[in-house]
Amino acid sequence: MPAIVLRAALSALAVSAGLLAGLLATSGEGFAQSPPTLQEYPLRDRIFGPGGAVFPDYVTPSEYGTAFLIGGSGTRSALFAAGTADFNCQQTQVPAIRVLSAPPGGQVFIRYGSFTARAIDGGATTLCLGRPARGLIVSFKGKAAPGSQIALRVTYPPRGAWYDHVIPVPPR
């Protein structure tokens, strides 16, 4: 019985909030813009949706799908980079990068950062090519013999698709 009373009270509160918003919108020129009603902007979206409290800057893309972006400048500070983006070129999830082999005499570093998307490993769109992206950046520090290479395996969430890349290490 108390659950029915609680539901009735919440329904009455929602209706009165909608009426109050309607009254404020028509009460004169003192109010430039009225807040949206719960029917126009539901409570769930106010918290978790676009412009909400949890993800305030995220905009829901009009189409579904992600792109698996790769990049890198070919310098030792950024040999390779990988990230994912949606149709609005917003970062989605960070891929995992595993070093399969590296030249002796140096160390491979993987860090989170920004890069320019130069190509795709796969996915649903190429709209983000040439734009800034965020993800994991691979760099190399140390001495390597001429012609040395780094072999990487990049695994993209959420499906777990993976691609292997062989990256040449530029000479010093």
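Each value in this text was obtained by applying a stated rule to the coordinates, not by laboratory testing. What you see is a predicted model, and the numbers here were worked out from it, not measured in a lab. When we count neighbours, we look across all protein chains shown, and the Cβ atoms used for this are built from the backbone with ideal geometry, even at glycine.
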Extent along principal axes [Cα atoms of region 67-168; Å; largest to smallest]: 41, 24, 20
Length-normalised contact order for region 127-172 - Cα pairs under 8 Å, 6+ apart - percent: 37 percent
Relative packing of peptides 39-46, 139-146 - highest average C-beta neighbours within 10 Å first: 139-146, 39-46
